[in-house]
Amino acid sequence: MYFLLYILASIGLAHILVDSHLSGKFKEWMSKRKWFPRTRKFLIQGLSCYQCSGVWAGGLSGFLFDPVADICWLPIPDFCCFIIRIIAYGFAASFLSVLGAVTIQYLNIISEITEK
C-alpha cells in the first residue's frame, strides 16, 4: 500500500512542480528577480523539468512514506541504509515522473482526437 502511495505521490508532486499554476507564478516571480542569477536560472530550469522535479519529489515521498522501511540487506548502519533508499527513491521517481508526463500527454492527444 505504501509503495503505491509513494508512486502516486511522487508523480503527482512532480506534476504539480512542473505544470501547476502556482509553480508558474513562482517561476514568473523568480525570473523577475535580479539576485543570484545562476541559482535563479538553475531553480527555474529544475522546476520546468519532469525528471529534475521527480528526483526531489521522489526523495521527499520516500522520506515521508518509505515503502521498504523494513528491508535493509546491506551490512551498514540503519541510517546509512535509509539515506541510500532516499537517493534510490529519487532516482526511481525521476523515471516515474517522466513516464507519468508522457502518459498524460498521450491521454490528452487521444482525447483531442476523439473530440473531433
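Taken over the range 1-12, the criterion of being within 9 Å of the chain's Cα centre (by Cα) and closer than 11 Å to residue 100 by Cα is satisfied by 10, 11, 12.
This table checks each residue for (1) touching a residue at least 24 places away in the same chain (Cβ under 8 Å); (2) exposed (fewer than 13 other Cβ atoms within 10 Å of the Cβ); (3) farther than 24 Å from residue 3 by Cβ.
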residue	(1), (2), (3)
24	no, no, yes
30	no, no, yes
44	no, no, yes
78	no, yes, no
82	no, no, no
86	yes, no, no
90	yes, no, no
111	no, yes, yes
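Residue 48 passes every criterion in (1) outside any helix (DSSP H, G or I); (2) within 19 Å of the chain's Cα centre (by Cα); (3) modelled with pLDDT under 85 apart from (3).
Of the set (1) in a helix (DSSP H, G or I); (2) modelled with pLDDT of 90 or more, all apply to residue 89 but (2).
Could you check how many residues of the range 15-32 are in contact with a helix residue (DSSP H, G or I) (Cβ under 6 Å, 6 or more places away or on another chain) and not in a helix (DSSP H, G or I)? Number of matching residues: 0. Of the residues screened, residue 68 is one that is closer than 19 Å to residue 86 by Cα, out of contact with any Pro (no Cβ under 8 Å at 6 or more places or on another chain), outside any helix (DSSP H, G or I) and touching a residue at least 24 places away in the same chain (Cβ under 8 Å). Based on what the data block shows, is residue 69 at pLDDT 90 or above and touching a helix residue (DSSP H, G or I) at 6+ places or on another chain (Cβ under 9 Å)? No, not satisfied.
The values are calculated or read from the model by the stated rules, or taken from the named source; none is laboratory data. Note that the structure is a prediction, hence the values are computed from the model and not measured. Cβ: placed from backbone, ideal geometry, glycine included. Neighbour counts: every protein chain shown.
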